[in-house]
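Student: Below you will find the structure I want to go over with you.
The values are calculated or read from the model by the stated rules, or taken from the named source; none is laboratory data. Note that the structure is a prediction, hence the values are computed from the model and not measured. Don't worry about glycine lacking a Cβ; one is built from the backbone with ideal geometry, like all the others, and counts go over all protein chains shown. Ligands, DNA and RNA are stripped out before the accessible areas are found, and what is left, the full protein with its side chains, is counted by its heavy atoms. Shrake-Rupley method; radii C 1.70, N 1.55, O 1.52, S 1.80 Å.
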Amino acid sequence: MLDILIKQAIVPDRGIFDIAIKEGRIIRIERDIKEEARHTIRADGKIAIPSFANMHTHISMSLLRGIGSDLTLMDWLQKVIWVLEAEFVSPEFVRDGALLGIAESIMSGTTLLMDMYFFEEAVAQVALSAGIRVGLGFGILDFPTKVASGPEEYLKRAEEFIKTFKGEELVFPVLCPHAPYTCSPTTLLKVKELAEREGVLIHTHVAETKSEVEGVKEKYGKTPVKHLESLGFVSDRVLMAHMVWLDEEEKAIVKERGAKVLHCPESNLKLASGIAPVWEYISMGIHVCLGTDGPASNDNLDMLEEMSLMAKLQKGYSLSAKAMDARTALKIATENGFLACGIKAGKIEEGYEADLILIDTQKPHLQPLYDPVAQIVYSAKSSDIDTVICRGKVIMERRELKTIDMEELLHIAKKWREKITGFMREKNMLYF
């Protein structure tokens, strides 16, 4: 017996098909599958596409959403975010923020998150309960936070985290040195050594702003990617978020070493960091993935919105309508993320793990339907996502979350708003 049978779904560029899922995988895609299933979903014209892979976020910062808007990156960090984190970050804060962010992620069609924050065990707990995939790593820095007193302690905690979660089905550990401007060469080399020894990915921020590039160059005599290359740090296990300000030599290094670019267009725009020339990266053969960044700098986790903006930005920035077509945009937002993590998902194909979503097309803004992929990228909204399946398990159906209690979630969000606004009022930080 099948676990799930999806009947009469539109599979883009193929037609209307049934999709059979068993033991977490897509096992058949045929015109009319007669076999019985434990759970049958009547798609009846809904579009089936791979679910999204949000490859760069700080999910628990959902509790800080909307605070400190309209500031530059460093003002936002130093005057607002780091002040609030110093007061509030705890296992409870991280767990509750992850619950809010993961609910939002599922409702906008995401089944894979690459997260960097603190107390990541709490994020793992929520992800396992919610049934969503997560790549998790502690932020590693050279200065103390509530998590650790310095690099040695961060690395020790990271190593313990790897040993705890290595081999989990939905949670996989990652090493997360924050950035070249917050990690010394010694720290970065220790991260590299640990990653190679444990066989895990490295997830970091690189070349996000012009001022960051200038600061790294002033301190080390090289721009960020060249600095990392001089340390032997850049490799195919490294995932580099942002990558807005690269020179031609740096682009060539990324291509040669096989490092991955994690593009975050909305956060880069909101913080006035710039626009990464992703169309150039793609034309060079660089592996590009998509991320939202944290929900406090975006300020949402909507990958459908992120994908649409990415494609339009590249067209406008390059002055070429062909800079990024809809199918490339969809691949970057789905398949490329899973591929970067070594997960065989991100395609509606037999043999692939069943991470997919169904999009309801019976909406005025999606009719008449001519090109499903183009209309998903340029017309669809996250509220059109009807069903979400992660690794062969239904975690949302008919817009109803199956693994998260919405009433409890809203109660938690209200509780934290009262706590945080009270503190901000005391410190004269409120803007409303």
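Student: Which members of segment 277-292 meet the condition of being in contact with a helix residue (DSSP H, G or I) (Cβ under 6 Å, 6 or more places away or on another chain) and either open to solvent by less than 10 Å² (accessible area, probe 1.4 Å) or assigned to a strand (DSSP E or B) (or both)?
Tutor: Once the filter is applied, which keeps residues that are in contact with a helix residue (DSSP H, G or I) (Cβ under 6 Å, 6 or more places away or on another chain) and either open to solvent by less than 10 Å² (accessible area, probe 1.4 Å) or assigned to a strand (DSSP E or B) (or both), segment 277-292 yields Val278, Val288, Cys289, Leu290, Thr292.
Student: Could you check Asp115 against (1) of a type in the set (Asp, Glu); (2) open to solvent by 10 Å² or more (accessible area, probe 1.4 Å); (3) assigned to a strand (DSSP E or B) and say which number it fails?
Tutor: Of (1) of a type in the set (Asp, Glu); (2) open to solvent by 10 Å² or more (accessible area, probe 1.4 Å); (3) assigned to a strand (DSSP E or B), only one is false for Asp115: (2).
Student: Return yes when Tyr154 is open to solvent by 10 Å² or more (accessible area, probe 1.4 Å), touching a residue at least 12 places away in the same chain (Cβ under 8 Å), in contact with a helix residue (DSSP H, G or I) (Cβ under 9 Å, 6 or more places away or on another chain) and not in a strand (DSSP E or B) and no when it is not. Break it down into steps so the answer makes sense when it comes.
Tutor: On the way: open to solvent by 10 Å² or more (accessible area, probe 1.4 Å): no; touching a residue at least 12 places away in the same chain (Cβ under 8 Å): yes; in contact with a helix residue (DSSP H, G or I) (Cβ under 9 Å, 6 or more places away or on another chain): yes; not in a strand (DSSP E or B): yes.
When the stated conditions are applied, Tyr154 does not pass them.
Student: Can I ask one more? Which one of these is open to solvent by 70 Å² or more (accessible area, probe 1.4 Å), farther than 30 Å from Ala148 by Cβ and either part of a strand (DSSP E or B) or modelled with pLDDT of 95 or more (or both): Arg38, Arg95, Arg28?
Tutor: Working: Arg95 fails: farther than 30 Å from Ala148 by Cβ; Arg28 fails: open to solvent by 70 Å² or more (accessible area, probe 1.4 Å).
Only one candidate passes the filter, namely Arg38.
Student: Anything in segment 336-368 that is under 20 Å from Arg42 (Cβ atoms) and either open to solvent by less than 30 Å² (accessible area, probe 1.4 Å) or free of Cβ contacts under 8 Å to residues at least 24 places away in the same chain (or both)? List them, or say none.
Tutor: Let us first name the residues in segment 336-368 that are under 20 Å from Arg42 (Cβ atoms), namely 348, 354, 356-363, 366-367.
Matches in segment 336-368: Ile348, Ala354, Leu356, Ile357, Leu358, Ile359, Thr361, Lys363, Leu366, Gln367.
Student: Something else: For segment 59-75, which residues satisfy the criterion of being at negative phi and out of contact with any helix residue (DSSP H, G or I) (no Cβ under 9 Å at 6 or more places or on another chain)?
Tutor: Pass one, segment 59-75, residues at negative phi: 59-65, 67, 69, 71-75.
If the condition is that a residue be at negative phi and out of contact with any helix residue (DSSP H, G or I) (no Cβ under 9 Å at 6 or more places or on another chain), then Asp75 is the only one that fits.
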